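See below for the structure under consideration.
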Amino acid sequence: MFNRQTDNLANAVRLLVAMGGFASAPGPKSGLAVYDAIRKVAARPPNSLARMADALTDAARGVFASLSGLPMHADVLFAQMVDAGLLTPQEIVAYDMDAVACTKAMLEKITDESDPTGEMRRDEMRLLFTRITQTALEPLLATTEYAADLTPAFMAEILQMAHRTERKIDDVAEKLDNLQAQTRDTLEALALRFGELAPEALTVSDLRGFLIEKAQDYRALRQEVEALRGTAPRIDNVLSAVEEAIEALDFDEAERLLASTRDTSAEALRKPIEDHARIIETQARIALMRGRPERAFTLVSGAADSFALLDPLEPFRRRLGYARTFHDYGERFGAPVTEMAMRLTQAILERVDSDTDRAIFCEAQNLLGLSLLSLGRFAAGDTGHDLLGRAAAAFTLTASESEGHLRAAALDHLSLVRVTQAQRSAPPARADLLRASIKGSGEAIELFGDDLSSQARALNNLGNAHLLLADELEGRGLAEALDQAFAALDRATRLFGEIGDVMNMAGARFGVATVIERQATVFGDPSRRNKAINEFQLALQFYRERDMPQDAAMAAGTLGSALLTHATNAPAELIAPLLIAAGSALGEAAVHYRETGQPLAEMTLLRNLALSEEMRAAAEPTANTAGLLERAQTHLRRAVKLDASGAEAEHVRAALDRVQSKLAALS
């Protein structure tokens, strides 16, 4: 018999060996009786199967010991997975006796019905099952020698006993109440129905002892079924049929009927669970507003998990929604909230792969990439490099695993990563990354089709990539790149306007102004720069009024840089006011990036802020010259302490050396 209590792993391997043996043994290849026969062979295997099972069990123990992170009851789950995934000989032959294909087919049989909690489908359990089962099936399906004891006579006896489980037993309750009056044949038939795989091996006394215990369970089961009446909508409609199935000891049918009511019961639970989740979501919103993202993360994680009662995958769908909210909030208020979005998506991907649910997996990968990109954009040095690399990997995987709109979005997001990586790279890698970004955005625009909103966002990204590529070009190539940037950003602005997306229209319009400012520099056209500066000021006001500090900081930084450039060619009487205005805007942006933990952006702003002070010192040769240079030195020292690397860090150190030399000359 199965050693049920002490060695679940060995029992599961015996079941695998019996299943493999049936594929080459004489007898029927399909039908319900085959499953029972397989279980009976596993319970009392002939010598050749027992030896093979012992050898494979030793190997399975090695696999079991090599894996970490398994649940405490992993051996029980594994045995349940093997039982739920059993294949008939007919199915094994249909899969060409291939161990890999048969293992995958067994996993596919594990569904909500056999695994309502989703525990068997956890990544750790799927990995354990695959490694043990595939390793076991390879020798089992490659040879028939170990099945030599499955002779026609042995198989006939096993199948005859298996068919006894299909025999109808009348008056079950009465028989269980009077076991002393029952024949051995009846006792064995009852024991078979209650899961004893080898009742013929038990004495009459042991049979009665086994059935006395089962009779207690049987009476308790009938009482529990009766107590279910009225507990859920329409459940009473099936309870009579459940009771009939239990009376006939047809437990498979009873389970099937009860499972059919789960959806109805779950639907009755949906409203109170959703109401409860909405309360928690409101608490989380308050936590975000108070700057407590960790608290918000804990709250929404609990809210998501409460939906497991409705559907094992629903907690992951809920986490997707929460991750989107956290990401969008983080885009407005900075990195700490974005980190929580990343953690939410990581929690999904720890449990869901493309085989579990491709849609959830791909969407989670995409959101993970967005969170990593948001964090990587503002992280310095190796940290930023790593975050952007992981973001690129997430988007690449999403694009390869998905189709249609999500593939287009992943390609467009990957283009954003390439732009950010290009900004930190030296030639010629910078230009290569920007051209890759332009290509990806172009492909995304085609895939988006009639989706004007997504098209507009991709056009916005395309325009920014052309604008950055212009910095790597000269002459005609430079002018063409700026023209292409203007065309893409102008088109994006118009599309956002058509669909009424005011926020993104403002962002695209800001991009157009940036192109105009760049053209002003290339062509020496002050009127264009005045137009760009006016647009930057309008953008800054727009973002301030809508409480969007991240966007306001970006606008302030760009405005300050434009004013700084404008001051280099302005009439003498306008230089000081322009530099003061530039310093004010740059200082506002630098403070935001410091408070929100974005060192790379802060470093760039501090360098430009120091430059504004240095230029004022040159433009206003007064007694305040030393004071202005000392302020510039303070900004640059702060920038150096941010400990960033790359071209920007080199510019900062060079600027600090220059300012310190000027101060030394004054002393």
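Of all positions in segment 652-663, none carries a residue that is under 19 Å from Thr558 (Cα atoms) and open to solvent by 20 Å² or more (accessible area, probe 1.4 Å). Of the residues making up segment 588-604, those that are open to solvent by less than 20 Å² (accessible area, probe 1.4 Å), of a type outside the set (Asp, Glu) and free of Cβ contacts under 8 Å to residues at least 60 places away in the same chain are Ala589, Ala590. Just so you know, in segment 324-381 the residues that are farther than 16 Å from Thr420 by Cβ, modelled with pLDDT under 85 and of a type in the set (Phe, Trp, Tyr) include one that is farthest from the chain's Cα centre (by Cα), and it is Phe333. Counting the residues of segment 283-311 that are open to solvent by less than 60 Å² (accessible area, probe 1.4 Å) and β-branched (Val, Ile, Thr) gives 1.
Taking the conditions exactly as written (in a helix (DSSP H, G or I), modelled with pLDDT of 50 or more and over 26 Å from Glu255 (Cα atoms)), does Gln160 satisfy them or not? Criteria not met by Gln160. Just one of the listed residues (Ser454, Ser402, Ser425, Ser437) is in contact with a Lys or Arg (Cβ under 7 Å, 6 or more places away or on another chain) and either buried (at least 16 other Cβ atoms within 10 Å of the Cβ) or under 24 Å from Leu600 (Cα atoms) (or both), namely Ser437. For segment 292-305, the set of residues classified as part of a helix (DSSP H, G or I) and either among the basic types (Lys, Arg) or in contact with a Lys or Arg (Cβ under 9 Å, 6 or more places away or on another chain) (or both) consists of Arg295, Ala296, Phe297, Val300, Ser301, Ala303, Ala304, Asp305, listed by residue number.
Only residues that are in a helix (DSSP H, G or I) and within 16 Å of Ile360 (Cβ to Cβ) were counted in segment 384-403, giving 4. Before we move on, is Glu314 free of Cβ contacts under 8 Å to residues at least 12 places away in the same chain and surrounded by 18 or more Cβ atoms within 10 Å (Cβ to Cβ)? Yes, satisfied. Specify the residue that is surrounded by the most Cβ atoms within 10 Å (Cβ to Cβ); the eligible residues are those in segment 483-499 that are of a type in the set (Gly, Ala, Ser) and more than 31 Å from the chain's Cα centre (by Cα). For segment 483-499, the residue satisfying everything is Ala488. Of all residues in segment 655-667, those that are closer than 13 Å to Ala626 by Cβ have Cβ atoms under 7 Å from Cβ atoms of residues that are aliphatic (A, V, I, L, M), 6 or more apart or on another chain, in Val659/Ala610; Val659/Leu629; Val659/Ala632; Val659/Leu636; Lys662/Leu629; Leu663/Ala626; Leu663/Leu629; Leu666/Ala626. Does Ile110 satisfy being at pLDDT 85 or above, assigned to a loop (DSSP other than H, G, I, E, B), closer than 28 Å to Glu196 by Cα and of a type outside the set (Phe, Trp, Tyr)? Against the criterion (at pLDDT 85 or above, assigned to a loop (DSSP other than H, G, I, E, B), closer than 28 Å to Glu196 by Cα and of a type outside the set (Phe, Trp, Tyr)), Ile110 qualifies. Is there a residue being of a type in the set (Phe, Trp, Tyr), touching a Pro at 6+ places or on another chain (Cβ under 7 Å) and either assigned to a loop (DSSP other than H, G, I, E, B) or in contact (Cβ under 8 Å) with a residue 24 or more places away in the chain (or both) anywhere in segment 330-352? Checking segment 330-352: at least one residue is of a type in the set (Phe, Trp, Tyr), touching a Pro at 6+ places or on another chain (Cβ under 7 Å) and either assigned to a loop (DSSP other than H, G, I, E, B) or in contact (Cβ under 8 Å) with a residue 24 or more places away in the chain (or both). Here Gly511 fulfils each of the conditions (1) part of a loop (DSSP other than H, G, I, E, B); (2) open to solvent by less than 10 Å² (accessible area, probe 1.4 Å) apart from (1).
Residue selection: Gly557 fails the criterion of being under 25 Å from Ala379 (Cβ atoms), open to solvent by 30 Å² or more (accessible area, probe 1.4 Å) and touching a residue at least 12 places away in the same chain (Cβ under 8 Å).
The values are calculated or read from the model by the stated rules, or taken from the named source; none is laboratory data. As the structure is a computational prediction, the values presented were derived from the model and not from experiment. Cβ coordinates were reconstructed from backbone atoms using ideal geometry, including for glycine residues, and neighbour counts include every protein chain displayed. The protein model used for the area step is the full one, side chains on, heavy atoms only, and it has no ligands, DNA or RNA in it. Shrake-Rupley method; radii C 1.70, N 1.55, O 1.52, S 1.80 Å.
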